[in-house]
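Values quoted throughout were computed directly from the atomic coordinates according to the rules given, and no laboratory measurement underlies them. Just so we're clear, the structure is a prediction, and the values are computed from it rather than from any experiment. Cβ coordinates were reconstructed from backbone atoms using ideal geometry, including for glycine residues, and neighbour counts include every protein chain displayed.
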Amino acid sequence: MNKDIKNIPLCVDLDGTLLNSDMLFESVLIMLKNNPFLLFLLPFWLLKGKAKLKNNIFSRIEFNASALPYRKEVISYIKQEKTKGREIILVTATPQFVAEKISEYLGLFDMVYGSDENVNLKADNKKVKLIELYGEKSFDYMGDTYADLPVWNAANKAIIVSNDKNLIRKTEKVNKNIDKIKLKKKNKLKVIIKEIRVYQWVKNILIFLPVLMAHKLEMQLIIQSLIAFIAFSFTASSVYVTNDLLDLESDRLHPRKKNRPIAAGLLSIPFSIILAIGLFIVGFGVTFLLPNYNFLLVLISYYIITTLYSLKFKKVVIVDILTLSLLYTIRIIAGGSATGVEISPWLLAFSMFLFLSLAIVKRYTELIVMREQNKSNIRGRGYEVNDIELLNSIGPASGYIAVLVFALYVNSEQVVKLYNEPMYMWVIAVLFLYWITRVWFLAHRGQMTDDPIVFTVKDKVSWGIGLLIGFLVIMAKGLII
């Protein structure tokens, strides 16, 4: 006998089903970001049971229900079933008060059942609860994992939110009445490459500058620079992944950063943690191929500063942009330490002012976006839209100081020793002046992406200027008559 679908409630799981993430892992990250020392309490909380663990974690955090990665396919399915007059139930292992906040935000559920301090509402516990409420084979259940198999066994219909063929086969053995919500397939390798931001590795080309500027193009020094480049690239990617884990909520509220793999739920939090650790190990591991430990000390300093930036400095006005400019300059120092080549103080001064200007461009463009969205500030940063005019004054000025430093360098004794025709270097100063002015014009017009370094790599004009500068350096060296 066919059952009237209106009388069969649709019970929906939260983690991995309604959400393209897991609330427990997300909450642990939020908690540890606020207080890292609570990490040492997690094992003791777990010893008291998973229900107690969750209660201790969730009671210590505030989360934004609007910033969670909801599955559009599931939302669409629920809305369709709701139009049929069905009762929609949210039933989850997440604590009750958290599930209620999510339900209140979505406005889709008639009832909410979550875990309490004593019972973790998952697997067999969830099965028993739903049978008590509705009776066996008198509810449909939507889930996504092997822990849902006992619930599907007791359900009228099993609705699977997964592309896992093995899970589907096992579900068919416990319930012949199934429905599948197919998820958009993703290329895992492409997602990982996007997450670790391989395109950002271009910044690490700065490591080669000490060798190039000193005109010491020896194979051994180039190989040492290459090893340093690899170490910095993997370490930087480890930092990017860690930063994305710590910035989940603010990234999801950002118009572009919300599409980052972790924020979008394309990479799970446990996998991302393993990825960050793996990149860290590779990055620091290759440093032992270098002949001295000076580079290792620089790399450790870089990692500490970037970690402090992620946790604290990026929220502090002025300190954040100074830190960003320092992180660029550290790459140059790393190149010198890896090869033993002495770094010109002119190069360090030039880089500090130039990258300070570009760091300000980054904040300036973010504020432009916020102003267009009628928002007053950047979430997770200390800047307000009213700061746009001030940044627009400081940024170009810093860039022009960098050009001035370069001009003074051109007139120094060091240039006379390195170049046979130093007059060509003055043309390079003019090109730098044009380039930094153009960057700020584009930023002012809202045509600059968040990261000016990445923009430069994609910009044809910047490529043209770079090639012309390279040609002028060869002319100044006297290699072309």
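Order these by the 10 Å Cβ neighbour count, fewest first: R169, R438, R71.
With the fewest neighbours first, R169, R438, R71 line up as R169, R438, R71.
Output wanted: per-residue J couplings in Hz (rounded whole) for segment 210-224, from phi through Karplus 6.51 cos²θ - 1.76 cosθ + 1.60, θ = phi - 60°, x for Gly and Pro.
For segment 210-224, the Karplus curve yields x, 5, 5, 5, 8, 6, 10, 8, 8, 4, 4, 5, 5, 5, 5 Hz.
For I262, what residues show an amide H to amide H distance below 5 Å, using hydrogens built from the backbone and excluding near sequence neighbours?
Amide H neighbours of I262: L267.
Using the Kirkwood radius over Cα pairs, work out the Stokes-Einstein diffusion coefficient for segment 71-209 at 37 °C and 0.692 mPa s, in µm²/s as a whole number.
Using the Kirkwood radius from Cα pairs, D works out to 189 µm²/s.
Averaging sequence separations of C-alpha pairs under 8 Å and six or more residues apart, then dividing by the length of segment 186-306, give the relative contact order as a whole percent.
31 percent
Quick one: of K203/K362; K84/K165; K188/K362; K137/K185; K101/K127, which pairs are farther than 20 Å apart, Cα to Cα?
K84/K165; K188/K362; K137/K185; K101/K127
With the contact rule set at Cα under 8 Å and sequence spacing of 6 or more, what percent relative contact order holds for segment 5-180?
For segment 5-180, the relative contact order is 25 percent.
Whole-Å semi-axes of segment 1-115's equivalent ellipsoid, largest first, each the root of 5 times a Cα gyration tensor eigenvalue?
Value: 31, 15, 10 Å, ordered largest first.
Under a 5 Å amide H to amide H cut-off, with H placed in plane at 1.01 Å, what residues pair with V12 once short-range neighbours are removed?
Under 5 Å from the amide H of V12: I89, L90, V91, M142.
Quick one: in the chain, what % of C-alpha pairs are over 38 Å apart?
Pairs farther apart than 38 Å: 39 percent.
Taking Rh as the Kirkwood radius computed over C-alpha pairs, what is the Stokes-Einstein D of segment 186-306 at 10 °C in a medium of viscosity 1.306 mPa s, expressed in µm² per second?
103 µm²/s
Starting from the Kirkwood Rh over alpha-carbon pairs, what translational D in µm² s⁻¹ does segment 217-270 have by Stokes-Einstein at 10 °C and 1.306 mPa s?
On the way: Rh = 13.0 Å.
Translational D for this selection: 122 µm²/s.
Which ³J(HN,Hα) values, rounded to whole Hz and listed in residue order, are derived for segment 278-286 from phi using the Karplus coefficients 6.51, -1.76 and 1.60 in 6.51 cos²θ - 1.76 cosθ + 1.60 with θ = phi - 60°, glycine and proline given as x?
x, 5, 4, 5, 5, x, 7, x, 6
How far is the Cα center of segment 49-107 from the Cα center of segment 248-267, in Å?
19 Å
What value, in deg cm²/dmol to 500, does the helix sum -39500 (n - 2.57) over DSSP H runs of n ≥ 4 give at 222 nm once divided by the residues of the chain? Show your work: numbers first, answer last.
Values: 21 runs with 283 residues, N = 481.
For the chain, the value works out to -19000 deg cm²/dmol.
Name the long-range amide H neighbours of F139: under 5 Å, sequence gap of 5 or more, or other chain; modelled H, no Pro or chain starts.
Those lying under 5 Å, H to H, from F139 are N156, K157.
Hey, got a sec? Which trypsin sites (Lys or Arg not before Pro) in segment 206-298 land in a DSSP loop and have at most 16 other Cβ atoms within 10 Å? Display every interim value, and only then the final one.
Numbers: sites: K216, R252, R256, K257, K258; in loops: K216, R256.
Answer in residue order: K216, R256.
HN-Hα J couplings of segment 69-82 from phi, Karplus 6.51/-1.76/1.60, θ = phi - 60°, integer Hz, Gly and Pro as x?
x, 7, 7, 5, 4, 6, 4, 4, 4, 4, 4, 5, 5, 5
If a/c stays under 1.5 just call it rounded; otherwise compare a/b with b/c (prolate if a/b is bigger, oblate if not). Do that for segment 134-249, with a ≥ b ≥ c from the square roots of the Cα gyration tensor eigenvalues.
It is prolate, given that a/c is not under 1.5 and a/b is the larger ratio.
Starting from the Cα gyration tensor of segment 146-212, take the square roots of the eigenvalues, sort them a ≥ b ≥ c, and report rounded, prolate or oblate (rounded when a/c is under 1.5, otherwise prolate if a/b is larger than b/c, else oblate).
Details: a/c = 6.09, a/b = 4.87, b/c = 1.25.
Prolate is the answer for segment 146-212, as a/c is 1.5 or above and a/b outweighs b/c.
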